[in-house]
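Participant: Before I ask anything, here is the structure I am working with.
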Amino acid sequence: MAQAKKPQQEEEPGGPMLPLQFGEQARALNEQIVETATRVGQDALQRYVDWLQAVADMQRTLASSPQASQMDWFASMMKAKADFNEQFAKMVGGMPPLGQQPQS
């Protein structure tokens, strides 16, 4: 014996999602992903540029100092690298876990 089909209710919580609703939700999620990735990428790029500038500044300082030894130069480069690592760790630590909304 054939069973009668139950009509779908559009507003039924937990019920099936209409294709249009699904498409809108997917589009909104994709926009959030793109916005977050863009912000993170721009922030990482800016920190990298800042680090490169710090390295260049250290190199200029050491190059203009006649009494700078190889150890002074190496110590300055290690300090610049450590500063970059610290800034990068703060940036990554401030990112929301994957799948969560960023705090604005």
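The values are calculated or read from the model by the stated rules, or taken from the named source; none is laboratory data. Model, not experiment: these values are computed from the prediction. As a convention, Cβ positions derive from the backbone with ideal geometry for all residues, glycine included, and neighbour counts pool all protein chains shown.
Participant: Given the structure, is residue 89 under 30 Å from residue 31 (Cα atoms), at pLDDT 75 or above and part of a helix (DSSP H, G or I)?
Facilitator: Criteria met by residue 89.
Participant: Next up: Restricting to the stretch 40-61, name every residue that is touching a residue at least 40 places away in the same chain (Cβ under 8 Å) and exposed (fewer than 11 other Cβ atoms within 10 Å of the Cβ).
Facilitator: none
Participant: Oh, and also: Is there any pair linking a residue in the stretch 19-39 that is part of a helix (DSSP H, G or I) to one that is surrounded by 11 or more Cβ atoms within 10 Å (Cβ to Cβ) and aliphatic (A, V, I, L, M), with Cβ under 9 Å and at least six apart or on different chains, and which?
Facilitator: What qualifies is 25/17; 36/95.
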